[in-house]
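One structure is given here, and the rest of the page talks about it.
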Amino acid sequence: MEHKKKISDFIRSDILVLPLKIKSLNEILKQHWATRRKSKQEYALFIRNQMRLKNIPKAKCKKYYIKILSYRKKLLDYDNLVAGCKGLLDAMIDENLIHDDSPDYVNVIYKQYKSKEYNTIIIRQEP
């Protein structure tokens, strides 16, 4: 008897959908430090909520692959997008979605797409 396996049987991936806009580095640099901290706390709240709703476990293995998909009305320069995700990565660490944001612990891919609504999707995969 032949067993058919799905891709999901081989690769465990957790998907979090955040109805938030990732701010560009230019926007972040103009903010007061307290406002930046509040944005990070907002990211953490949405990550925690998605982890609970979707039963996503806390980080177990040492290294993860993370894909951050930003859906936005106006596309950013790549470096502005990456720098704007720093608070999001810090919130992932605070909520134990990943252990650390250094290259030893995480490999991050950033993508952005034009959309009428702002959304951020985080996909975490085990190696």
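The values are calculated or read from the model by the stated rules, or taken from the named source; none is laboratory data. Here the structure is a predicted model, which is why all the values come from computation and not from measurement. Quick reminder, even Gly has a Cβ in these numbers, built from the backbone with ideal geometry, and neighbours come from all protein chains shown. We work out accessible area using only protein heavy atoms, side chains counted, and drop any ligands, DNA or RNA first. Shrake-Rupley method; radii C 1.70, N 1.55, O 1.52, S 1.80 Å.
Just a few scattered comments:
- Exceedance of the 21 Å cut-off in Cα-Cα distance is limited, within the set K21/K86; K63/K86; K23/K58, to K23/K58.
- Ranked packing of 32-42, 18-28, 70-80, most packed first, by mean Cβ within 10 Å: 18-28, 70-80, 32-42
- Carbon + sulfur, % of accessible area of the chain - ligands and nucleic acids excluded, 1.4 Å: 52 percent
- Nearest-ten-degree value, helix 33-53 long axis tilted from longest Cα axis of the chain: 20 degrees
- Dividing the helix sum by the residues of the chain, where each DSSP H run of 4 or more adds -39500 (n - 2.57), gives a mean residue ellipticity at 222 nm of -10500 deg cm²/dmol.
- 1.4 Å probe accessible area per residue over segment 42-127, in Å²: 57 Å²
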